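A.B. asks: Following this message is one structure expressed as structure tokens.
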Amino acid sequence: MNPVAENLNAVTRTLPEGVRLVAVSKFHPVEALREAYDAGQRLFGESRVQELLDKRHKLPHDISWHFIGHLQTNKVRQLVGNVDMIESVDSDRLLRLIDKESAAAGVVSRVLMQVHVAKEDTKFGFAPEELIEWFGAGGYTSLAATHICGLMAMASNTDDESRVRADFHRVAELMARIKASHPDLCGFDILSMGMSHDYRLAIAEGATHVRVGSAIFGERQY
Ligand SMILES: *Cc1c(COP(=O)(O)O)cnc(C)c1O
């Protein structure tokens, strides 16, 4: 078996029923994705718009693509309609633009709101309190062509497991809190968190989707 297929199987075997694997293939060549595809993987995550579109064009059409990187507003139009989920909505402005472009294109975009809980301050996303306020203000009720399906987050980049777990726990609690105060939010049930080094902890805290790259495809050559 090729190494990608072997790694993929090793990761897949550890996932409980109901947890979905987003194979993060950014910076890896189409051939590597093809190996994962041939081993059964149908959900891939990419962080750059042009790279996602190129790969999507070259690979079979039954693949689901999730965009997971910081999305620049000038790239929204290219992405909308070409992706199954935008996991990384990190501002109200971006969300409004996705909604506008989706309506114009006659599609409904599925998105996750990105939450910032990691201790690093370079990461994008809403602070938990900010997101509670945003939902409280009913910001989601005026969307015409966008469905908010849940939350996405990254934990602190540290070897301190208790810190990582606490970060994931905080996001899971935030999700539960938002759901409880907004029973009209339907289909709000995806919790995307956990990467190669911490996805097991994320699952223990309730992740429904894990985004695993290097554990499947090896180290990235930037
Ligand atoms: C790159 C990336 C991942 C995957 O990281 P690995 O450590 O390679 O598993 C997950 N989520 C996001 C948002 C990423 O940018």
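The values are calculated or read from the model by the stated rules, or taken from the named source; none is laboratory data. Please read these numbers as outputs of a predicted model, since none were measured by experiment. Counting neighbours? That spans all protein chains shown, and the Cβs are built from the backbone with ideal geometry, glycine included. When the accessible area is computed, the model is the full protein with side chains, heavy atoms only, and any ligands, DNA or RNA have been set aside. Shrake-Rupley method; radii C 1.70, N 1.55, O 1.52, S 1.80 Å.
A.B. asks: If you go through the range 121-130, how many residues are in a loop (DSSP other than H, G, I, E, B) and open to solvent by 90 Å² or more (accessible area, probe 1.4 Å)? Spell out how you get there, then give the answer.
C.D. replies: Applying the first criterion (in a loop (DSSP other than H, G, I, E, B)) to the range 121-130 yields 121-125, 127.
Right, trim to open to solvent by 90 Å² or more (accessible area, probe 1.4 Å) and you get 121-122, 124.
Count: 3.
A.B. asks: Same structure, new question: Search the range 164-216 for residues being more than 10 Å from the ligand (Cβ to nearest atom) and β-branched (Val, Ile, Thr), and hand back the single one that is farthest from Val4 (Cα to Cα).
C.D. replies: Filtering the range 164-216 for residues that are more than 10 Å from the ligand (Cβ to nearest atom) and β-branched (Val, Ile, Thr), the one farthest from Val4 (Cα to Cα) comes out as Ile178.
A.B. asks: State the number of residues belonging to the range 34-66 that are among the hydrophobic types (A, V, I, L, M, F, W, C) and either more than 19 Å from the chain's Cα centre (by Cα) or under 17 Å from His209 (Cα atoms) (or both).
C.D. replies: From the range 34-66, those among the hydrophobic types (A, V, I, L, M, F, W, C) are 36, 39, 43-44, 49, 52-53, 59, 63, 65; that's our starting set.
Within this subset, residues satisfying the condition of being either more than 19 Å from the chain's Cα centre (by Cα) or under 17 Å from His209 (Cα atoms) (or both) are 39, 43-44, 59, 63, 65.
Total satisfying the criteria: 6.
A.B. asks: Moving on. Mind checking which residues of the range 16-33 are within 16 Å of Ala215 (Cα to Cα) and not in a strand (DSSP E or B)? Steps first, please.
C.D. replies: Filtering the range 16-33 down to residues within 16 Å of Ala215 (Cα to Cα) leaves 20-29, 32-33.
Matches in the range 16-33: Ser25, Lys26, Phe27, His28, Pro29, Ala32, Leu33.
A.B. asks: Turning to a different aspect of this structure: In the range 144-156, which residues are open to solvent by 30 Å² or more (accessible area, probe 1.4 Å) and over 17 Å from Ala207 (Cβ atoms)?
C.D. replies: Our first condition is that a residue be open to solvent by 30 Å² or more (accessible area, probe 1.4 Å); within the range 144-156, this holds for 144, 147, 154.
Ala144, His147 - these are the residues of the range 144-156 that are open to solvent by 30 Å² or more (accessible area, probe 1.4 Å) and over 17 Å from Ala207 (Cβ atoms).
Conditions tested, residue by residue: (1) closer than 21 Å to Asp90 by Cα; (2) not acidic (Asp, Glu).
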position	(1), (2)
Gly138	yes, yes
Ser142	yes, yes
Ala153	yes, yes
Glu161	no, no
Arg165	no, yes
His182	yes, yes
Gly187	yes, yes
Asp198	no, no
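A.B. asks: Could you grab me the full set of residues in the range 155-196 that are closer than 20 Å to Ser214 by Cα and of a type in the set (S, T, N, Q)?
C.D. replies: Passing the criteria: Ser156, Asn157, Thr158, Ser192, Ser196.
A.B. asks: Suppose the filter is touching an Asp or Glu at 6+ places or on another chain (Cβ under 6 Å) and within 26 Å of Gly81 (Cβ to Cβ); does Ser109 pass it? Even if it seems obvious, please write down each step before you answer.
C.D. replies: Values: touching an Asp or Glu at 6+ places or on another chain (Cβ under 6 Å): no; within 26 Å of Gly81 (Cβ to Cβ): yes.
It is false that Ser109 is touching an Asp or Glu at 6+ places or on another chain (Cβ under 6 Å) and within 26 Å of Gly81 (Cβ to Cβ).
A.B. asks: Something else: How many residues are exposed (fewer than 14 other Cβ atoms within 10 Å of the Cβ), modelled with pLDDT of 95 or more and among the charged types (D, E, K, R) if we restrict to the range 166-199?
C.D. replies: Looking only at that region, the number is 2.
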